[in-house]
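A short write-up of the structure that comes next.
The values are calculated or read from the model by the stated rules, or taken from the named source; none is laboratory data. This one's a predicted model, so the numbers in the text were calculated from it and none came from an experiment. For neighbour counting, all protein chains shown are included, and Cβ atoms are generated from backbone atoms with ideal geometry for every residue, glycine included. Surface areas here come from the heavy atoms of the whole protein model, side chains and all, with no ligands, DNA or RNA. Shrake-Rupley method; radii C 1.70, N 1.55, O 1.52, S 1.80 Å.
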Amino acid sequence: MQGVLKKDSVENPLVTVITVVYNGESFLEETIKSVISQTYSNVEYIVVDGGSTDKTLSIIRKYSHAIDYWISEPDNGIYDAMNKGIGFSRGSFVSILNSDDYYFKDTALEEIMEMSSNAAIAGNTHILDECSGKLSIFEGLKGKLNIQIPFMHPAFLVKKEVYERIGCFDRRYKVAADCDFIMRVYSCEDIYISDIDFVVMRSGGVSDSSFVKGRMEYFTCYLRNTKDFPGALLGLVYTVSLFYLGRLKRAVWKA
């Protein structure tokens with residue numbers, strides 16, 4: 001762990017960007033570059049590595065001059081690592097950028113910090129299809145939390161005090177702890193949803209590769225946060241049905 005504390009102020013709030021990584025040599029450098037090229041003038045960058053065995057540490061050391069803190073040690077999964085990073089953070093705002101994602105543009109943080117003083121600010125997420133290289137915007141379903149979150153977690157800028165007030169990521173969830181956190185914030189905090197193009201996410205993350213497990217966790221966290229069993233069950237059946245229907249269509253086309 002290394003770095004020098006940066007100053008936070010009302011006039012120029014410190015934004016802490018946290019990247020958690022484990023064996024992420026393929027895309028980590030692109031993620032780091034997108035953070036250190038941001039035009040916003042007061043950014044603290046923290047990288048939490050889970051004890052990688054590939055070239056991840058070499059990449060981190062290559063950019064250690066631009067990383068305020070980094071640590072490499074075993075953890076109990078991605079959300080444990082995120083909570084660790086939040087504990088290290090000193091900024092008024094926290095942005096969590098995954099190790100295979102990147103900011104949409106160099107002005108992303110600057111633009112979103114100019115939008116609002118709310119407890120949380122959300123921007124647009126663009127999904128990068130690894131096969132075609134095309135970007136498509138994520139269309140959240142506002143007000144239909146039983147089916148889908150209204151925005152992706154990496155496009156979410158949250159005041160540090162929110163984490164202190166409602167808690168960090170619930171490690172009982174292995175796939176959907178970010179969804180649970182968004183639901184908790186959504187239910188009790190003032191969120192400003194902007195139209196700023198904020199982050200790019202690659203398709204094929206943990207929630208993609210473990211879809212059904214993720215939807216079961218989503219069902220659980222929605223039920224815990226809303227006590228709405230019919231809505232939770234409807235959302236589970238609807239989304240899982242769409243998933244398998246899509247698989248069936250692809251199989252038919254290939255045949």
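Worth a mention:
- Test for ASN83: is it closer than 25 Å to VAL158 by Cα and either open to solvent by 40 Å² or more (accessible area, probe 1.4 Å) or in contact (Cβ under 8 Å) with a residue 12 or more places away in the chain (or both): yes
- Residues that are surrounded by 20 or more Cβ atoms within 10 Å (Cβ to Cβ), over 14 Å from ILE78 (Cα atoms) and of a type in the set (Asp, Glu), drawn from region 161-196: ASP180
- Residue within region 188-207 that is assigned to a helix (DSSP H, G or I) and aromatic (Phe, Trp, Tyr) present: no
- The set of residues from region 38-62 being surrounded by 14 or more Cβ atoms within 10 Å (Cβ to Cβ), among the hydroxyl-bearing types (Ser, Thr, Tyr) and within 14 Å of ASP106 (Cα to Cα) comprises just one member, TYR40.
- Scanning region 148-173 for residues that are assigned to a loop (DSSP other than H, G, I, E, B) and either free of Cβ contacts under 8 Å to residues at least 40 places away in the same chain or over 20 Å from TYR102 (Cβ atoms) (or both) yields GLN148, ILE149, PRO150, GLY167, CYS168, PHE169, ASP170, ARG171, ARG172, TYR173.
- Within region 212-255, the set of residues being of a type in the set (A, V, I, L, M) and under 25 Å from ARG172 (Cα atoms) comprises VAL212, MET216, LEU223, ALA232, LEU233, LEU234, LEU236, VAL237, VAL240.
- If you go through region 155-178 and keep only what is among the aromatic types (Phe, Trp, Tyr) and more than 24 Å from MET115 (Cα to Cα), you end up with PHE169, TYR173.
- Residue match in region 95-116 (condition: aliphatic (A, V, I, L, M), surrounded by fewer than 18 Cβ atoms within 10 Å (Cβ to Cβ) and either closer than 17 Å to VAL185 by Cβ or out of contact with any Phe, Trp or Tyr (no Cβ under 8 Å at 6 or more places or on another chain) (or both)): yes
- Qualifying residue in region 208-216 (condition: open to solvent by less than 40 Å² (accessible area, probe 1.4 Å) and either at pLDDT 95 or above or basic (Lys, Arg) (or both)): yes
- ILE32 open to solvent by less than 50 Å² (accessible area, probe 1.4 Å) and touching a Phe, Trp or Tyr at 6+ places or on another chain (Cβ under 7 Å): yes
- Residue tally, condition under 30 Å from LYS227 (Cβ atoms) and open to solvent by 10 Å² or more (accessible area, probe 1.4 Å), over region 124-149: 12
- The single residue among PHE181, PHE243 that is without any contact (Cβ under 8 Å) to a residue 40 or more places away in the chain, outside any loop (DSSP other than H, G, I, E, B), at negative phi and within 20 Å of the chain's Cα centre (by Cα) turns out to be PHE181.
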